[in-house]
Amino acid sequence: MASVTASSVKFSSVSSLIKQNQVSNLKKASLSFTGNAFQSRRLPVRRFHVACAAKPETVNKVVDIVRKQLALPDDRAVNGESKFSVLGADSLDTVEIVMGLEEEFGICVEEESAQSISTVQEAADLIEELLEKK
Amino acid sequence: MRSGFLRMKLHCFDRTFIRYSHSLNAVQLPAPMETHLWYVNPSEVKSESLLKQYLDILSPCERENVLRLQGKELRKSALLARALVRTTITKYQMSSPVEPRSLKFRKNVHGKPEVCWPSIDDWDPPPLHFNLSHTSSLIACGVTINSQIGIDVEEKQRSIKHNILSFARRYFSKYEVELLAAISDPQIQQREFIKLWTLKEAYVKALGKGFSGAPFKTFTIRFRGVMEGDSEAFNESSTKGFEIVVDSLDDPTDVSNIWHFSLLELDGSHYAAICTEKQSALDGKINIPGKLMVWKTIPIVEDEYVSGTDAVKIICGFQ
């Protein structure tokens, strides 16, 4: 019993170490980018590629598919910058996500392209690129 | 006074682990055509003190990657995966110049991880190949000498979100789809699907070229009767006298002569697929069936040799 208590004392110190990287980098980026003038609009996440970044609706659909596939809790933040692996997708999940995107958007994703997408934004950008080619 | 007691308990706990690590012996390198498999079950690792020790032996980059992951169980299994590969590889040194924390890794031209041994006078690094696979519930590391290796582990009961046949039609070869479609029992079909998935993953990982290097649709993996040499209708309960082979639709060379497959069940809960190069492909000698040695481990703490026990059930591919 005492050793169980001992490990729970230790638990909090390691857990806090593990928790400290939870702050989303996204928040910091959008604060410095949007400033006051843009407070009324929601802008896409990417700062340097606004011209060819996917539409927010596309990003949101990708987010929905990823959430469903990985059965993420509602309080888990998912946005364009989210990496599939960081969210917990293994290779089978990733393949299912790609298949889900193909079904949702009516596209076909080649293996080379599938291998190169690692974030929600990259998936959304690829989708719009493929839709444009159709 | 109470906190003093707890501190004393923690101190004893740490000392116990240090004593254990000195008693773990170095392991002999695998013989040619022998495969070693080391696996850990995350649910058996509960000590926060031990997890902290694991975190300590990771490289700064690995540590950062682990801590960035979202979800406690995800971080734990990623941490265990790195601790497993570091402690496993360093077991194979005859003298021990390289500690787990000092091991360096690099990626080959296709992105497959390999060990980057230091050059030390009068010391030859162990000539080993390794491959790592992990699920949230089991992490495994396969080791060979002189042969490429790819492994994949998956929960037997892993269900996918899509319909199995829809998924197979999209990603598997025509032959494999037909095989799965012929299975009427959905539970058997689900298990055969998972077996096929792990075998295909293991092959791609052994090749080391990434998912796009060998798209799943371009090769077929199947069970072949050893005597007849013809494919038979698959019977889940009897795979004796069968071998697992691969046919490549793209590659004109007979890849089934190069790659050896084996399939196991670990702890009754997971399938593990292992793909290695055949002896005959490596040195022209006649193919000798390989031996498999399996350890269940808690890195730093204990290794348990489990080959021949209920923990390891060979489905196909080894004696």
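Values computed for the structure shown
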item: Over 26 Å between alpha carbons, listed pairs B:LYS161/B:LYS278; A:LYS133/B:LYS112; B:LYS76/B:LYS296; B:LYS91/B:LYS200; B:LYS76/B:LYS107; B:LYS91/B:LYS112; result: B:LYS161/B:LYS278; A:LYS133/B:LYS112; B:LYS91/B:LYS200
item: Peptide B:203-216 - average C-beta neighbours from other chains (10 Å radius); result: 2
item: Fewest-first sequence of B:SER102, B:SER77 by Cβ atoms within 10 Å of each Cβ; result: B:SER102, B:SER77
item: Per-residue mean of C-beta atoms belonging to partner chains within 10 Å, peptide A:91-97; result: 5
item: Among the listed pairs B:LYS52/B:LYS205; B:LYS52/B:LYS291; A:LYS83/B:LYS209, those beyond 24 Å (Cα-Cα); result: B:LYS52/B:LYS205; B:LYS52/B:LYS291
item: Full-extension gain in nm, A:LYS134 to A:LYS68, via 0.36 nm per residue minus C-alpha separation; result: 21.1 nm
item: Partners for B:LYS46 among aspartates and glutamates (Cα-Cα distance below 15 Å; same-chain residues under 8 apart left out); result: B:ASP14, B:GLU73, B:GLU302
item: Dipole axis of region A:57-134 (+1 Lys, Arg; -1 Asp, Glu on Cβ), positive-most option in A:ILE107, A:LEU87, A:THR119; result: A:LEU87
item: Residue order, fewest to most surrounding Cβ atoms within 10 angstrom, among B:HIS36, B:HIS134; result: B:HIS134, B:HIS36
item: Residues B:ASP283, A:ASP75, sorted so that the one with the fewest Cβ neighbours within 10 Å comes first; result: A:ASP75, B:ASP283
item: Reach of B:LYS72 by Cα under 18 Å, taken over aspartates and glutamates that are not fewer than 8 positions away in the same chain; result: A:ASP74, A:ASP75, A:ASP90, B:GLU44, B:GLU48, B:ASP56, B:GLU62, B:GLU64
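All of the numbers you see were taken from the coordinates with simple rules; none came from a lab. As the structure is a prediction and not an experimental result, all values here were calculated from the model. As a convention, Cβ positions derive from the backbone with ideal geometry for all residues, glycine included, and neighbour counts pool all protein chains shown.
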